[in-house]
Amino acid sequence: MKNILQKTVLVSAVGLVTMTTHKAIAADTIKDNSVASKLSSKSSSTSSSSTISENSSTSSSVTSSSMEKEVDKKQVTSSESVLNNETILKQNTEMGPGYYTVAKSRMLMSSSTDTQSFIDGIRSGAIAGWSKYGVLPSVSGAQAILESGWGQSLLSTQANNLFGIKGDYNGQSVLMPTQEYYNGHWITVNAQFRKYPTWNESIEDHGRFLAVNSRYSNLLRKSNYKEVTSLLQSDGYATSPTYAASLNRIIEEYHLYDWDNSVINVNVADLNSAVVSGDTLQVYGWHATTNATNEKNSFLFLLDADSKAEVKRYRIQRKNRQDVKNAYPNVAGALNSGFNEKIPLTADMYGRSFVLMSRYASDYNGNSGITDYLFNRVINVPNVMAACLDNLSIKNNKIKIKGWHATSSSRNAKNSYLILMNTATNQEYKRYKISRVTRMDVAAAYPKILNAGKSGFEVEIPVTRDMQGKSFKVLSRYATQDNGEGSLSDVIFNKVITMPKQKNENKADLDEGWVDGSHVHVKGWHAIDDIANKPYHTLIFMDAATNREVHRTSVKNIQRPDVNHVYPNIANSLNSGYSMDVNVTSKMKNKTLYVISRYSKDRTADSQYLDVQLGHKIKPVINKTRNSNNGHLDIQKNSGHTLKLKGWHTSNDSKGKQYHYLILMNRKTNTEIKRVKVANTKRIDVQKAYPNVYNSLNSGFSTTINVTNDLKGKQVYVLSRYTNDPAGNLNTIDYCYGQTTLIK
């Protein structure tokens, strides 16, 4: 009998195959067509080194010591066996500690096995083994298939015991005769094996066996089935060299890895609701993940909807969600996956859009060992705004506006404007860029509004002519663009202010007026209210002696911000200026002039006009020509750093006046700027022209004067002087040259 037992191996669920010892066949080379299973076995006479055994009469609890091989001599009787004496089980550790072959039997296993039914029957137990103990479901399933012969082994059919675990399960067991290797001999004993209600309890209990046995701790919670099967083999669970390969083939052929995918890294969630109410955000939902077992700390995050940058994080306690547990019964922590939080809204949260993220973390602060779920729903927190116009009045021809406007939009809309709105047209009249001022009273009253403490405004706006008679409201604006456009936050105040009507203004002044040898230079301004009806500007030059016109010229106005600042209420004050040089005509030569500035309806300037007479008189410089007092300035050239002067001055009165000066005069004020002494040079050309004049031969001069700050920016003309006073002030004869030069 012993020799027969040593040569008998269970190859598949269809029955027994007898082989000689030297013809052992690896299970992964044998495939039974009726069950499509792959097994691995060799005949062996070695001892069982890792028999699965537990003694318990009350529960299914297992200790590592109960897993060691055990032979209970008190049970060595044939009368207690549920089978007759001709059926004996023999352990084969090559295929695992729970693999028992039938040494002798008249009963053959079924030649046809419903493999899918068996797979379906053990699935939930394998998954439960992962949830509770961390044993990979695909590996548990493959082991059950291999060790039980698709549930057709005697232990499987009699006790739903797929793994040959000894002892009892909740007090239930069966006795079977087994061959055990004891003290160097094979003996037959009646062994007690656990009896399970279903296969699922058997496969789950097998997971517990691996979990409590320190030998197998290295394979727990591993997610790669090939790694787990390799560890089982290297840990000594089975001695067959092809054990891991056999399990892998079963897993791959029957897609048992799908079980793993259903429970490993499960990360599911739903945001049932997100409601903004008053100053709170209520979020309700759940987040279940297989990683929750090791990640005990829970958080909710509010992220910026656009950048996904963290804005706030909240540590939470998960809530009970039985519905989630029902939907995901195999996900650890699914029952305690809910959240229902009231998040207080702070000032920096209004007017923004967020997305919610749920997190499990192993780190107390939520920064490491994390599993996140980002919800797609965008949560829009509306803007909050408050405003008040404290004062709107007119004083000293200025509109005074004071108030405040606080809004959460100021986070992104950083440009502030006050806009006057015409009440008659409801259109913008004009906008004014402002800087907000501090209002701590507003911050105290509205702490939930961002930047409320910097929401004030206080400005004065000049009343212009075109505003007269009109009524306005004030609009306060925050804008994202510098010009006051883009994304806007506006508030229009109800108070109305009406501008009083004023008489037509007609203001003017002549800033500069002088004449030299060839030009009359005039510079000034003339501002009127009725510019819309009188758009043409003319300057009329009058002979001061006769009050008759001697010349007129059209004017193209230029800007005068200084005039606009003083007279902001006059319609054309900004564009009221002029500056021009008019050629001296024969009618104008050597005459004292005054100027009339005229605005008219048409270019002729002879009807429907408005005049102002400018008080400044323009007087010519007339040289005394007695005693042949003549001169000419050949060169008067400013190069930026120097002023070059070359010319001549002859006069019979120069006799006895040995000092010759050139004096630089301010044309605008007719006052001296500076003087230089020059040495006379010969001018034969002048002597030929004036042979009878005392100093005509030695009347020339040529000099270069450095440009100093007192000269820069001034209109300069030159005066030549002969004198017997070394200082050049007494007993003089002068000649004024007509040219005028702007010193730059």
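Miscellaneous remarks
- Gyration tensor (alpha-carbon) shape descriptor, the stretch 305-368, a/c threshold 1.5: prolate
- Pairs exceeding 18 Å between alpha-carbon atoms, taken from Lys395/Lys470; Lys624/Lys674; Lys646/Lys682: Lys624/Lys674.
- For Tyr429, distant residues with modelled amide H under 5 Å away: Leu420, Met421, Asn422
- Of the chymotrypsin sites (Phe, Trp or Tyr not before Pro) in the stretch 312-416, the ones in a loop by DSSP (not H, G, I, E or B) with at most 15 other beta carbons within 10 Å are Tyr364.
- Within the stretch 488-575, the trypsin sites (Lys or Arg not before Pro) that combine a DSSP coil assignment with at most 15 other C-beta atoms in a 10 angstrom radius are Lys495, Lys501, Lys503, Lys556.
- Loop trypsin sites (Lys or Arg not before Pro), the stretch 570-611, which have at most 14 other Cβ atoms in a 10 Å radius of their Cβ (DSSP): Lys587, Lys589, Arg603
- Rounded, prolate or oblate (a/c below 1.5 giving rounded, otherwise prolate when a/b exceeds b/c) for the stretch 650-721 by Cα gyration tensor: prolate
- Residues with amide H under 5 Å from that of Ser173, placed H, sequence gap 5 or more: Lys195
- Prolate/oblate/rounded call for the stretch 457-522, Cα gyration tensor, a/c under 1.5 rounded: oblate
- Note, ³J(HN,Hα) from phi for the stretch 559-569, Karplus 6.51, -1.76, 1.60, rounded to Hz, x at Gly and Pro: 6, 9, x, 5, 5, 4, 5, 7, 10, x, 8
- Ranked by the mean number of other Cβ atoms within 10 Å of their residues, highest first, the peptides 163-172, 531-540, 733-742 come out as 163-172, 733-742, 531-540.
- Qualifying lysines (Cα of each under 25 Å from Cα of Lys319; at least 8 residues distant if same chain): Lys132, Lys296, Lys342
- Top positive-direction residue, dipole computed over the stretch 398-438 with Cβ charges, set Ser410, Ile434, Leu420: Ile434
- Charge dipole (debye, nearest 20) of the stretch 590-744; +1 at Cβ of Lys and Arg, -1 at Cβ of Asp and Glu: 200 debye
- Euclidean distance of C-alpha centroids, the stretch 534-548 and the stretch 643-706, integer Å: 37 Å
- Checked against a 21 Å cut-off, the cross-linked pairs Lys402/Lys454; Lys433/Lys503; Lys430/Lys495; Lys589/Lys644; Lys308/Lys448 give Cα-Cα distances beyond that limit for Lys433/Lys503; Lys589/Lys644; Lys308/Lys448.
- Taking 17 Å as the straight-line reach from the Cα of Lys744, the aspartates and glutamates in range (excluding those fewer than 8 positions away in the same chain) are Asp710.
Each value in this text was obtained by applying a stated rule to the coordinates, not by laboratory testing. Only a predicted model underlies this, so the values are computations on that prediction, with no experimental measurement involved. As a convention, Cβ positions derive from the backbone with ideal geometry for all residues, glycine included, and neighbour counts pool all protein chains shown.
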